[in-house]
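Novice: Encoded as structure tokens, here's the structure I'll be asking about.
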Amino acid sequence: MKADFQRHEMPTQNPAVRIGNFDEVALGYTEELALAEAARCLNCKDAPCMQGCPVNVHIPKFIAALRAGKPDESAEILLADNNLPAICGRVCPQENQCEKFCVRREKAGGSVAIGNLERFVADYASARNVMPSCKSSCGAKVAVVGSGPASLSCAADLAKAGVKVTVFEALHKAGGVLVYGIPEFRLPKSVVGKEIEKVAALGVDIETNVVVGKTVFVEELLAGYDAVFIGSGAGLPSFLGIKGETLDGVSSANEFLTRVNLMKAYKDGAVTPVQRGKNVVVVGAGNVAMDAARTARRLGAEVTLVYRRSRAEMPARKEEILHAEEEGIKFELLTNPVEILGENGFVRGMKCVRMQLGEPDASGRRRPVELAGSEFEMACDEVIVALGTTPNPIIKRSFPALETTSKGTIVADENGRTSVDGLYAGGDAMTGAATVILAMGAGKRSAKAILRMLEEKGKIKCAECGGNSDGGNVK
Ligand SMILES: Cc1cc2nc3c(=O)[nH]c(=O)nc-3n(C[C@H](O)[C@H](O)[C@H](O)COP(=O)(O)OP(=O)(O)OC[C@H]3O[C@@H](n4cnc5c(N)ncnc54)[C@H](O)[C@@H]3O)c2cc1C
């Protein structure tokens, strides 16, 4: 097959249509597009793209198998390293990961669309129930706290090695941010559900409605299991700290998105409805702000995004910014809220000031400085605050032996080992809010370290071969 020069972009739903539904925006490659894009891969011997993959997917190999007309083999290669590929293919910031190191990036035509190909192969595997191989039980058991990508990856790798894993999740549904945060139109919950079913099929038990630190305690888990992994995320939202933030109609992006995604508040007749403002202001400019703005737009609102720096400093992915603009989200840049205005307890507007950029701050970004005398009012009936999140303190408060930083993140080494013997941690709970793939990488590193520890304690025979030397293949 002749390799097209130009990268093949993913077809998307028309913006005018998609603002009226919650269906997936990116439609996925057809087989023809996938094969044409796979043909662009140069199959570099040193695989520079793999440097950018925290879970070490053998990218050239899975693309080569696809190109050779062997999609099952391609799926097996992908699943060997990535426990949640249909999710990564949809939400990973590939431009900063694998595609950043693609040698085609510097040439005309752009990097190979590795993420789009990953999604294609993962969806193929899901549709045909292709499963990773897994060893028979080695007798060891591990408890995993939380069910986001860090925990699911750790649990899956341990289960593949024959360890009995039980996941304890506080919410009534497993998946962490994948189910409660990222909207349906970017990551359908049926896709997440299928990936979680695959993890469960490896023999992982998932117990929902269990809040570690309230209904069961870390000490109990440490006593009852050979090791414990904490992947409790960073779900505590930050607020502006300005007057009017307790008015009716102000919410954090986390609460707003949880109600819409997890509680299905976008559907008519939902048991836990969400406020549907006509004129919504979203404060912030990261991926979470874009998700909140685009969700409010689909609920029928005119949406304005307020951000105190300029477009160049917006932390959201370029693709998300573009999609938000296509959907009619207005951006008020170099603008900072100073008060939320109310009437009879409800939001009626927001007082803002204009900013200009000064010298770079500690983050390297130019510091926004208020322009004197620039105060003005914006009318709105709902404000959604998307200014970042930190780890929930429940676990630390109930288990003070666990060392944490002043920001509430768990202190652990690169293999997830914490200050407590047998206790490991990773993902957003350790790094603060980051990305799915970084959380997954951390989960995998902890799984490896736990297997090594189990081997040292004589609980399993051979960590290198995956946990136990006698293991068969239980598909
Ligand atoms: C709206 C939104 C959009 C995002 N978009 C992207 C994106 O496009 N691409 C990307 O790469 N990243 C994105 N991220 C970031 C990414 O989702 C996170 O970095 C990732 O989910 C972190 O994984 P985790 O497993 O560490 O934690 P989480 O996904 O937060 O999962 C933690 C889980 O632990 C549970 N838990 C917490 N405390 C307890 C307890 N005490 N007991 C039991 N269970 C507990 C929580 O309920 C939760 O289910 C987004 C984040 C948000 C909020």
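The values are calculated or read from the model by the stated rules, or taken from the named source; none is laboratory data. On a predicted model such as this, the values are computed, not experimentally measured, just so you know. Quick reminder, even Gly has a Cβ in these numbers, built from the backbone with ideal geometry, and neighbours come from all protein chains shown. Side chains included, ligands, DNA and RNA excluded: accessible areas come from the protein's heavy atoms. Shrake-Rupley method; radii C 1.70, N 1.55, O 1.52, S 1.80 Å.
Novice: Compute the helix-to-body angle for 71-81: its Cα long axis versus the longest principal axis of the chain, expressed 0 to 90° and rounded to tens.
Specialist: So the helix axis and the longest Cα principal axis differ by about 80 degrees.
Novice: Below 8 Å, C-alpha to C-alpha, sequence gap of six or more: please give me the relative contact order for the chain in percent.
Specialist: Value for the chain: 17 percent.
Novice: Could I ask something else about it? When a/c reaches 1.5 or more, the comparison of a/b and b/c decides; with that in mind, is the chain rounded, prolate or oblate per its Cα gyration tensor?
Specialist: It comes out oblate by the Cα gyration axes.
Novice: Which FRET efficiency value, to the nearest 0.05, is calculated for E377 and K214 with the Förster distance at 35 angstrom and r the Cβ-Cβ distance?
Specialist: Efficiency at R0 = 35 Å is approximately 0.25.
Novice: Can you sort R259, R186, R40, R367 by solvent-accessible area, 1.4 Å probe, largest first?
Specialist: R367, R259, R186, R40
Novice: So which aspartates and glutamates can K70 reach, going by Cα to Cα under 17 Å and dropping same-chain residues fewer than 8 places off?
Specialist: Once the sequence-local aspartates and glutamates are set aside, what remains near K70 is E31, E32, E37, E118, D123.
Novice: Using 22 Å as the Cα-Cα cut-off, could you pick out the over-long pairs in K243/K351; K61/K100; K214/K267; K135/K173?
Specialist: Table pairs above 22 Å Cα-Cα are K214/K267; K135/K173.
Novice: What are the ³J(HN,Hα) couplings of region 364-377, residue after residue, when phi is run through the Karplus curve with 6.51, -1.76, 1.60 and θ = phi - 60°? Round to Hz, x for glycine and proline.
Specialist: x, 8, 5, 6, x, 10, 5, 8, 4, x, 9, 4, 8, 10
Novice: At a Förster radius of 25 Å, what calculated FRET efficiency corresponds to the Cβ-Cβ distance of R105 and A434, to the nearest 0.05?
Specialist: Efficiency at R0 = 25 Å is approximately 0.65.
Novice: Can you sort T30, T418 by solvent-accessible area, 1.4 Å probe, largest first?
Specialist: Listed by decreasing accessible area, they come as T30, T418.
Novice: What residues have an amide H closer than 5 Å to that of V250, excluding those fewer than 5 places away on the same chain, when H is modeled at 1.01 Å from N in the peptide plane?
Specialist: Amide H neighbours of V250, under 5 Å, 5+ apart: V383.
Novice: Calculate the spin-label point distance for D413 paired with R311, positioning each point 7 Å from the Cα along the beta-carbon direction, and give it in nanometres.
Specialist: 4.7
Novice: Can you give me the long-range amide H partners of G349? Hydrogens built in the peptide plane at 1.01 Å from N, cutoff under 5 Å, separation of 5 or more residues or another chain.
Specialist: Under 5 Å from the amide H of G349 lie the amide H atoms of L341, C380, each far enough along the sequence or on another chain.
Novice: With a 1.4 Å probe and all protein chains left in place, how much of the accessible area of the chain comes from carbon and sulfur atoms, in whole percent?
Specialist: Looking at the chain in its full context, I get 51 percent from C and S.
Novice: Now for a separate question. By accessible area of protein heavy atoms, probe 1.4 Å, what ranking do L299, L322 get, highest first?
Specialist: Accessible-area ranking of L299, L322, largest first: L322, L299.
Novice: If you line up the long axis of helix 114-127 against the longest principal axis of the chain, both from Cα atoms, how many degrees apart are they, to the nearest 10?
Specialist: It works out to around 60 degrees.
Novice: Accessible surface of E106 in the full protein assembly, 1.4 angstrom probe, to the nearest 10 Å²?
Specialist: 150
Novice: Per residue of the chain, what 222 nm ellipticity follows from adding -39500 (n - 2.57) for every DSSP H run with n ≥ 4, rounded to the nearest 500?
Specialist: That calculation yields -9000 deg cm²/dmol at 222 nm.
Novice: Express in Å², to the nearest 10, the accessible area of S126 obtained by rolling a 1.4 Å probe over the protein heavy atoms while all chains stay in place.
Specialist: Ignoring ligands and nucleic acids, S126 comes out at about 20 Å².
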